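First up is the structure itself, then whatever we jot down about it.
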Amino acid sequence: MGSVKKAFMQLKERISRRLVNKLVLLFTSIIILVVGSLTIISYQMIEKESVNNSIASTTNNLKLINQKLEDYLDGIEQLSLPSLRYDETIRAIVNEESDYASKMYLEDYLRELFYSRHDLNGIYLYLIDQGKYYSVTQEAYDIKVRVSYEVGIPEQSWYKQAMKSPRNRSFQSFLDPVEQTGYAANEKPGFMAYHRVLRSIATKDPKAVISFYLKPSVVDEIMQDIPFEKGEHLLFLDPDNVPFRADEFGFFKEAKSDGWLSRIGDSTPDAPMTLTAKRPEETKYLVVYNVGEKDGWKLVKPIPYSNIYEAAKTARNLSYMIGLIFLVLSIILVVLISNAITKPLHKLAYQMKRFSEGTFDASAPVKGRDEIAYLTQHFNRMVIRTNDLINERYKMKLVEKNAILKALEAEINPHFLYNALQAISTKALKSGEYEVVDMVDALALTLRYCISSKDIVYAREELRHIDHYLALQKARFGSRLEVSVDWDQALEDLLIPKLSVQSLVENSIKHAVEKVSGPVKITIRAESEDTRTRISVHDNGPGIEEARMTQILKSFQTEWEDQEGENIGLKNLHTRLKLLYGDEAALQIESSGGGTTMIMFIPRGGGSYV
């Protein structure tokens, strides 16, 4: 035991020592797992599909054959009823003993019935009151009609069953060798007999029993359309599970003793069952059956699961064989590829070992353009840079970088732009361009407000900024832009986010003034509610389209990094409100054909939030 454990540890150490062994083990395990899983899954799917196909095809086949069998038996039943001459036939049966013409009538009637069919072994007519019977059979090439006496007929089970039947009939099976016909002359009755009681129409008393003994050839011809393979069985049963046809009578006896025949037809019609027979060798069967719609005759076909799974097993074995071949080829390919991958790594590891030992001129060859080549190339660069470091080149690079940083610090800042605007305004004022002066001053004040370091401002500061901003917009749109401000004086000291009202006004200009050619009125309003302040900007423009509105509202729910498009200002404002005031703050949009209203809610005591 110790030697086995030691060998296992040595093998494990050998595998873990080299990367190529790890790669071979990894890819081999993956291939075995994938091929094995696919084989098992496909085998189970083929098994299930084979069972479903077997059930479907066998059920349809049994249903068709059972209909033919019931139609055949229905034809025998119609043959037993002398519908056109029933009264005449009963009268001949009653007067047969004393009237010679009646006797001849019965012989001719039986002979005519026998000639009308080719599937009869014989016809027997038992006269109840007289205790004798007529029989018509074929002997060699001659048809013989005989009259005989038989005292034991009323004691036969088929006779009693026919008398008790509400349909005045009974079927008799000869599958069991002990079954008797009751007629001494009938040595070869066939595979089944149909018995019909003929009663007097006036008194309803039974007068005779006519029996048809059927050849097995016709039924064999009908049932030969059922596919039959080795190990399968076929049973033809009446509604009481009496066998009339069985390929193996011993199998029927075992099935009857196990009790599964009694379950046929108890639940879902034609539902398949599963049984395990004791012979041969505990064989498991799929039992597919059909119960006739007319009289309830049952056609049962137990199919061994081994037959059903034969195709699945063949496919599984083939998959195993293909998988094994694929595994061998894959291992060979993995070994070759792994060696090709690890060889450059081995060389690189050797050079890195030299470098770690102080050899600063170590250099590994670079082949290809893959990640290993990229790694080798950077290793070589690292060696070169290390040498440069030793030669104090790294210090020179630091000086150069510091110079670049100093140059960046000297870049033009926004205050330079503000001062330039002031100079332009002074120049325009000297030239008498007062409108330009107003515009430049408004732009300068707007710029100064924007570059201020404050993020939270008083509402009066934001309103002054709005005046400068609207001065520029009115210079652009002229009389088309009309603005009114309805701001509660008590709310001028309210602390709000800088540029928040401008964002709402800018949205109205974008979605209203720029979209129409006529005048547009923008109303800025601030009012107090119960626990918060309501700031709204309304325009009487065409409104925002539903698709665009959906896009804007959806942008409020996306992450800031994913935000793109034209509604970034509203998204920015929405995010700032949530960060500064929490969930009590909100940004709402209401739009219809009558215009758009942008509403910003700020909780009361907004200054305590920031």
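Between Gln588, Gln551, the distinction of being loosely packed, with under 15 Cβ neighbours inside 10 Å, at pLDDT 85 or above and not acidic (Asp, Glu) belongs to Gln588 only.
Please pick out the residue among Ser135, Ser98, Ser102 that is of a type in the set (Gly, Ala, Ser) and in a helix (DSSP H, G or I). Selected residue: Ser102, the only one of Ser135, Ser98, Ser102 that is of a type in the set (Gly, Ala, Ser) and in a helix (DSSP H, G or I).
Going by the conditions given, is Asn61 under 28 Å from Phe114 (Cα atoms), buried (at least 17 other Cβ atoms within 10 Å of the Cβ), among the polar types (S, T, N, Q) and not assigned by TED's automatic domain parsing to the domain that holds Val197? No. Kindly establish whether Asp99 is free of Cβ contacts under 8 Å to residues at least 60 places away in the same chain, out of contact with any Ser or Thr (no Cβ under 6 Å at 6 or more places or on another chain) and of a type in the set (Asp, Glu). Yes: the conditions hold for Asp99.
Considering the conditions (1) at pLDDT 80 or above; (2) closer than 26 Å to Ala475 by Cβ; (3) of a type outside the set (Ser, Thr, Tyr), Glu566 is excluded by exactly one of them, (1). Glu461 meets the conditions (1) at pLDDT below 85; (2) outside the structural domain of Leu587 (by TED's automatic domain parsing) in every case but one. The failed one is (1). Could we say that Phe174 is modelled with pLDDT under 90, under 60 Å from the mean Cα position of the chain (by Cα) and not aliphatic (A, V, I, L, M) here? Against the criterion (modelled with pLDDT under 90, under 60 Å from the mean Cα position of the chain (by Cα) and not aliphatic (A, V, I, L, M)), Phe174 qualifies. Ser135 passes every criterion in (1) touching a strand residue (DSSP E or B) at 6+ places or on another chain (Cβ under 9 Å); (2) farther than 16 Å from Asp108 by Cα; (3) of a type in the set (Gly, Ala, Ser) apart from (2).
When Leu110, Leu120 are screened for being under 24 Å from Val219 (Cα atoms), hydrophobic (A, V, I, L, M, F, W, C) and in contact with a helix residue (DSSP H, G or I) (Cβ under 8 Å, 6 or more places away or on another chain), only Leu120 passes. For the stretch 530-541, the condition of being exposed (fewer than 14 other Cβ atoms within 10 Å of the Cβ) and either without any contact (Cβ under 8 Å) to a residue 60 or more places away in the chain or part of a helix (DSSP H, G or I) (or both) holds for at least one residue. Taken together, the criteria exclude Ser98 from residues that are small (Gly, Ala, Ser) and either within 30 Å of Ser319 (Cβ to Cβ) or in contact with a strand residue (DSSP E or B) (Cβ under 7 Å, 6 or more places away or on another chain) (or both). Looking across the stretch 310-349 at every residue that is crowded, with 17+ Cβ neighbours inside 10 Å and not hydrophobic (A, V, I, L, M, F, W, C), the one that is farthest from His378 (Cα to Cα) is identified as Arg316.
In the stretch 245-263, the residue that is modelled with the lowest pLDDT out of those that are under 21 Å from Asn60 (Cα atoms) and touching a Leu at 6+ places or on another chain (Cβ under 8 Å) is Leu261. The requirement of being charged (D, E, K, R), touching a residue at least 12 places away in the same chain (Cβ under 8 Å) and surrounded by fewer than 19 Cβ atoms within 10 Å (Cβ to Cβ) is not satisfied by Arg576.
The values are calculated or read from the model by the stated rules, or taken from the named source; none is laboratory data. Remember, predicted model here, so these are calculated numbers, not experimental data. Positions of Cβ are generated from backbone atoms using ideal geometry, with glycine treated the same way; all protein chains shown enter the neighbour counts.
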